[in-house]
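Undergrad: Quick one: structure below, then a few questions.
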2 protein chains.
Amino acid sequence: MPAHRHGHEPLASLTRRLRGKNRRVTGPRQAILDLLRQQAHPQAIKQIHSALPPGECDLATVYRSIRILEQAGMVQRFDFGDGVARFELIGDGDDAHHHHLVCTQCDVVVEIDDCFPAQLEQKIARRNGFINLTHKLEFFGLCPSCQPA
Amino acid sequence: MPAHRHGHEPLASLTRRLRGKNRRVTGPRQAILDLLRQQAHPQAIKQIHSALPPGECDLATVYRSIRILEQAGMVQRFDFGDGVARFELIGDGDDAHHHHLVCTQCDVVVEIDDCFPAQLEQKIARRNGFINLTHKLEFFGLCPSCQPA
DNA sequence: ATCGCTGCAAAAATTTTGCAGGTAA
DNA sequence: TTACCTGCAAAATTTTTGCAGCGAT
């Protein structure tokens with residue numbers, strides 16, 4: 001199983017990590033973590049907020065909490081090019097770096113384990129005099145269900 | 001010279017293309033096209049607007065024009081992961097598809113000609129039953145000027 | 001008992017839309 | 001002439017911030 005299939009880290013472990021970062025474990029934060037824990041794919045802020053029980057967590061708190069979690073390295077931001085940021089939990093010890101394949105029609109998301117070839121990335125770095133290269137990479141296409149017969 | 005170095009297509013050629021798409025050539029549109037023509041790298045809406053002579057073009061018109069140009073296939077949208085969409089002119093007959101290398105400190109941008117290996121992309125498509133794959137790919141790192149001595 | 005966190009509300013920032021007049025073709 | 005386009009202003013979104021009270025530690 002790929003390292004980023006994080007869905008089974010217990011909530012208790014997540015809150016422990018948060019506490020370890022000198023952050024308080026509160027109701028809204030547990031709710032957000034538990035929600036992300038059960039989602040296989042990146043979630044938008046509004047998705048997170050509306051998936052939570054009404055009154056469980058203010059929208060502003062979702063914004064603030066996601067930022068905290070991102071700074072704590074527990075959540076990763078993804079961009080599918082539609083202007084809406086989406087967030088995914090990073091499992092403890094996971095290699096956070098991975099990519100997605102998104103259906104342009106139905107928006108279904110598949111996690112991808114392939115990555116941009118490291119040696120080619122190195123070559124790009126060297127050629128341009130850059131160091132510490134990383135990249136963002138997302139794939140788009142038509143999923144099986146959306147393909148014309 | 002890479003196909004996407006579009007900076008030298010004359011304004012007249014651009015307006016001709018626009019007219020060919022059944023769109024009118026107006027003052028604001030010429031101003032935007034001429035600006036993008038002189039920019040080597042993707043520009044944000046606000047950048048475009050504030051770079052134009054005051055009163056030359058309303059902000060709402062920039063939004064509307066960029067959308068028109070995007071629909072006409074004359075402009076390409078890029079996402080550097082900071083939530084701000086940026087737009088770059090597509091030269092006539094250019095292969096629009098390319099990527100960037102962005103300095104995480106000073107935001108300098110370098111255009112990259114390397115691409116994700118086609119055969120690996122094909123493999124990802126096949127493995128997941130997807131067709132018509134494309135991708136978005138941007139690199140980030142520390143440029144020569146921003147590297148510690 | 002702290003001091004961080006939350007809800008609520010207001011503000012700020014971003015993007016879209018309605019409309020009446022102007023203009024490219 | 002006829003649509004398309006524009007500026008202006010208002011509205012709709014999205015995100016951030018101030019503040020007083022609450023609560024995790």
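Undergrad: Could you tell me whether B:I66 is within 11 Å of DNA strand C (Cβ to nearest atom), within 14 Å of another protein chain (Cβ to nearest Cβ) and surrounded by 19 or more Cβ atoms within 10 Å (Cβ to Cβ)?
TA: So B:I66 passes the test.
Undergrad: Give B:A118, B:A96 a once-over and let me know the one that is of a type in the set (A, V, I, L, M), surrounded by fewer than 17 Cβ atoms within 10 Å (Cβ to Cβ) and without any contact (Cβ under 8 Å) to a residue 40 or more places away in the chain.
TA: B:A118
Undergrad: Does the range A:44-63 hold any residues that are away from chain B (no Cβ under 14 Å), within 12 Å of DNA strand D (Cβ to nearest atom) and surrounded by 15 or more Cβ atoms within 10 Å (Cβ to Cβ), and which are they?
TA: The answer is A:Q47, A:I48, A:H49, A:T61, A:V62.
Undergrad: If you don't mind, there's one more thing I want to ask. Just to be sure, is A:Q122 modelled with pLDDT under 95, among the polar types (S, T, N, Q) and not in a strand (DSSP E or B)?
TA: Against the criterion (modelled with pLDDT under 95, among the polar types (S, T, N, Q) and not in a strand (DSSP E or B)), A:Q122 does not qualify.
Undergrad: Something else: For A:M1, only one of the following conditions fails: (1) over 15 Å from the mean Cα position of the chain (by Cα); (2) at pLDDT 95 or above. What is its number?
TA: It is condition (2) that A:M1 fails.
Undergrad: Still on this structure: Within the range A:21-51, which residues are farther than 16 Å from A:L89 by Cα, near DNA strand C (Cβ under 9 Å from one of its atoms) and under 19 Å from the mean Cα position of the chain (by Cα)?
TA: If the condition is that a residue be farther than 16 Å from A:L89 by Cα, near DNA strand C (Cβ under 9 Å from one of its atoms) and under 19 Å from the mean Cα position of the chain (by Cα), then no residue fits.
Undergrad: For the range A:96-132, how many residues are more than 9 Å from chain B (Cβ to nearest Cβ) and under 17 Å from the mean Cα position of the chain (by Cα)?
TA: Result for the range A:96-132: 11.
Undergrad: For the range B:20-74, what are the residues that are more than 24 Å from B:E111 (Cα to Cα) and among the β-branched types (V, I, T)?
TA: Within the range B:20-74, B:V25, B:T26, B:T61, B:V62, B:I68 meet the criteria.
Undergrad: B:G83 passes all but one of (1) within 12 Å of chain A (Cβ to nearest Cβ); (2) within 16 Å of DNA strand D (Cβ to nearest atom); (3) in contact (Cβ under 8 Å) with a residue 60 or more places away in the chain; which number fails?
TA: Failing condition for B:G83: (3).
The values are calculated or read from the model by the stated rules, or taken from the named source; none is laboratory data. Bear in mind the structure is a predicted one, so any value in this text is a computation, not a measurement. Note that each Cβ is placed from the backbone with ideal geometry, even for glycine, and that neighbours are counted across all protein chains shown.
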